[in-house]
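Have a look at the structure below before the remarks.
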Amino acid sequence: MMIIMNVEATQEQVNAVVTRIEAHGFKAHLSKGEERTIIGVMGNDPIKTKDQFMFMPGIDRIVPISRPYKLASREFIPQDSNFPVDGVTIGGEEIVIMAGPCAVESRTQLLEVAQAVKEAGAQVLRGGAFKPRSSPYAFQGLGEEGLQILAEAREITGLPVVTEVMAPEQVALVASYADILQIGARNMQNFSLLHAAGESQKPVLLKRGNAASIDELLMAAEYILSHGNRRVILCERGIRSFESYTRNTTDINSIPVLKSLTHLPVILDPSHSTGRWEFVTPIARAGIAAGADGLIVEVHNHPDEALSDGGQSLKPERFAALVKQARAIARDVERR
Ligand code: PEP
Ligand code: MN
C-alpha cells in the first residue's frame, strides 16, 4: 500500500509513520515528490493493517497498490524515473545509445570499437567480460582481464561502461569496474543474483528472459528495487516464438506496455532480438518510434571474426548510420 502524506506534513510525522511501518515488520520506501512524500509500505499484505495508520497525523490517505510489483509500478511513482550515470541521463528526454561488441575479445579490438562507437554518437560502451554461452565449449569471455580493458576504454573515451554479471559472488568484482551492471536474459530470474544486484550501488540493466512475460520481468525488477537499488533499466531483447527466421522475435509491444505499467526506463536490444545485422537498424528505428528510452547495439570492427554474435553485429559505419536515423526518429517523437 501507499501512504500519501499531506502537503504540509512535517519530517517528524513522516518519521513516526516509518517507525510504525517498521514496527509491523514492513519496509518503508520513501518517494519524495516536489509537493509531498509518498511512503510505499512493502511486505505481506500491509493493507490489512491500514486501520493502524489511518489516523496518524500528517497522513492524507492510504491507497492499495493493485499490481504485484509495487516499487516498479506507475501507481507508486506516476512520473518517469530517470537517473544520471557518469553524466548520461537514462530515462530522460534524450534517448541513450549503448554500443560495443558482444564480448571483449582483446585490448585492440575493444579500444578500436569503443573509439568508433563514441565517434558515431554512442553514450555508453557495452562489452561482455563474463559471457553466458549456450555451449560450454564456446568462448566464455576474458573475465577480469576483460573488465580491466573496459575500464581502460572508459579512461580513453570517457564513455561509461555496461557489462554483464552472471553470479551473485561476481557482483562486487564487476561493480568495481562497471558503471552499469547487466543482468542477462538467462539470469532474469536468478533471484540470488537479483538480490545481490539490489544491494549494489550501481545501476542495473535487466534484460527480459527469452520466455519471460512482462509481469515476470517487472517482478524481477521488483527484487532489485526491494533490496534498495532504485536504478533499474529494463531491456526488451526479444522472446522465443514459433518463428525461426530471426533468432528471437522482437516484442515491440512490450515497449509501450512496459512504459504504461512502470516508471522505469525501458530500452531495446535490436541485436539479440533479431540476431541478424540486416534487421538491427529497422528494428532499432521501430523501438524508438514505439517509445524506448534507449538502445543497446552490438558493434564489431570485424564481425566475420567475432568470437560471439558476429552475425548480428553492425560494422562501425553501419552503426553510425543507425545513430543518424535514430536522431531523426527521436525528433519525430519529441525526444532528443
Ligand atoms: C549480451 O548482451 O551479449 C547477451 C548475452 O544478451 P542476452 O542476455 O539478452 O542474451
Ligand atoms: Mn551478444
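The values are calculated or read from the model by the stated rules, or taken from the named source; none is laboratory data. Worth saying up front: this structure is predicted, and the values here are computed from it rather than measured. Counting neighbours? That spans all protein chains shown, and the Cβs are built from the backbone with ideal geometry, glycine included. For accessibility, only protein heavy atoms count, side chains too; no ligands or nucleic acids. Shrake-Rupley method; radii C 1.70, N 1.55, O 1.52, S 1.80 Å.
Side notes on the structure shown:
- Qualifying residue in the stretch 264-271 (condition: part of a loop (DSSP other than H, G, I, E, B), within 20 Å of Pro68 (Cα to Cα) and away from ligand 2 (no atom under 16 Å from the Cβ)): yes
- Subset of the stretch 235-254 (residues that are open to solvent by less than 30 Å² (accessible area, probe 1.4 Å) and either within 17 Å of the chain's Cα centre (by Cα) or away from ligand 2 (no atom under 16 Å from the Cβ) (or both)): Cys235, Glu236, Arg237, Gly238, Asp251, Ser254
- Ile224 being crowded, with 20+ Cβ neighbours inside 10 Å and outside any helix (DSSP H, G or I): no
- Residue count for the stretch 286-326 under the criterion of being under 14 Å from Gln109 (Cα atoms), out of contact with any helix residue (DSSP H, G or I) (no Cβ under 7 Å at 6 or more places or on another chain) and within 12 Å of ligand 2 (Cβ to nearest atom): the result is 3.
- For Ser134, the test of being within 16 Å of ligand 2 (Cβ to nearest atom), without any contact (Cβ under 8 Å) to a residue 24 or more places away in the chain and either in the same structural domain as Pro203 (by TED's automatic domain parsing) or within 30 Å of Pro46 (Cα to Cα) (or both) is passed.
- Of the strands (runs of 3 or more DSSP E) entirely within the stretch 1-52, those holding at least 1 residues that are open to solvent by 60 Å² or more (accessible area, probe 1.4 Å) occupy 27-32.
Yes/no per residue for (1) open to solvent by 20 Å² or more (accessible area, probe 1.4 Å); (2) within 16 Å of ligand 2 (Cβ to nearest atom):
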| residue | (1), (2) |
| --- | --- |
| Val162 | no, yes |
| Ala172 | yes, no |
| Ala175 | no, no |
| Asn187 | yes, yes |
| Phe191 | yes, no |
| Gly198 | no, no |
| Gln201 | yes, no |
| Gly209 | no, yes |
| Leu217 | no, no |
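For every residue, the table says whether it meets (1) surrounded by fewer than 22 Cβ atoms within 10 Å (Cβ to Cβ); (2) over 20 Å from the mean Cα position of the chain (by Cα); (3) in contact (Cβ under 8 Å) with a residue 60 or more places away in the chain; (4) assigned by TED's automatic domain parsing to the domain that holds Gln182.
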site: Lys70; (1), (2), (3), (4): no, no, yes, no
site: Glu75; (1), (2), (3), (4): yes, no, yes, no
site: Ala99; (1), (2), (3), (4): no, no, yes, yes
site: Val104; (1), (2), (3), (4): no, yes, no, yes
site: Arg107; (1), (2), (3), (4): yes, yes, no, yes
site: Ala114; (1), (2), (3), (4): no, yes, no, yes
site: Lys118; (1), (2), (3), (4): yes, yes, no, yes
site: Ala122; (1), (2), (3), (4): no, no, yes, yes
site: Leu125; (1), (2), (3), (4): no, no, no, yes
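- The residue of the stretch 290-315 that is nearest to Leu206 (Cα to Cα), among those that are open to solvent by 30 Å² or more (accessible area, probe 1.4 Å) and part of a helix (DSSP H, G or I), is Gly311.
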